[in-house]
Ligand SMILES: *[C@@H]1O[C@H](CO)[C@@H](O)[C@H](O)[C@H]1NC(C)=O
């Protein structure tokens, strides 16, 4: 009985030593595991020392069973697109990256190969939202802002889903605007894709920026990227809009007119003076 135990212990120690020596130096382990997610396209990335080993990714919903990913079984790349696995989106998922030998052999016990856990990730709450396209249109003292929902790379029954198809009522837009030439900015939140900004000075140019805004998320992930700034044209202000050339022209014309007036006045006076002495001397 005692000898069986000794043999068992020896066996355990030996296999532990094999695993540590193998895992320590030779078998690469996935490192720097992180999630990169934009508009609900979610990719798990990691780094590993170059080798001939492969990687297999499994994932699980919080508290659920481990499942094989659709596209990342024994891959050589150090990334895995899990967009279509992490459904429904509003769940916390975790993943596990396991190193596997290049060729599967009976000599290997896969349990002995290193693996790395990914931090938990919820696509619905943590996916970044890309910059928004929008247009602005001035109508008297109002500006209409028309926003286009960014598209995701997810298709459902031939339709490409937009971020609103996924976020629904949770999606708002933040509109930040300022009067051209002033520094004070104002923010408004719009529930829909069309927003009316009122109380503006008529004829003034205003500049607008728009970003997706999801107030139900945690602070750090609430706001999408800002779209390219758009400005409304102000009413043309003649004094400000004249170019330097135009100003030179105006000054030149005014100087010419002034010179003509002076010349004419001087000539007239000379004429008058010349006439006057002859008139006074006429009776003599
Ligand atoms: C979202 O974007 C920020 C800033 O670029 C980046 O640091 C973060 O890792 C991104 N998050 C995801 C899940 O892609």
Okay, strands (runs of 3 or more DSSP E) sitting entirely in the range 70-170 with 1 or more residues that are more than 15 Å from the ligand (Cβ to nearest atom), I get 93-100, 115-117, 133-139, 142-148, 151-156, 159-162
With criteria (1) within 13 Å of residue 121 (Cβ to Cβ); (2) part of a strand (DSSP E or B), residue 56 comes up short on (1)
Log entry, pairs with first residue in the range 21-35 being assigned to a helix (DSSP H, G or I), second being at pLDDT 50 or above, beta carbons closer than 8 Å, six or more apart or on different chains, reads 22/112; 23/29; 23/112; 23/113; 23/114
For the range 173-192, the count of residues that are within 16 Å of residue 231 (Cα to Cα) and surrounded by fewer than 16 Cβ atoms within 10 Å (Cβ to Cβ) equals 9
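The values are calculated or read from the model by the stated rules, or taken from the named source; none is laboratory data. It should be emphasised that the depicted structure is a prediction, and the values quoted were computed from it without experimental measurement. In this analysis, Cβ positions are derived from the backbone assuming ideal geometry, glycine residues included, and neighbour counts consider all displayed protein chains.
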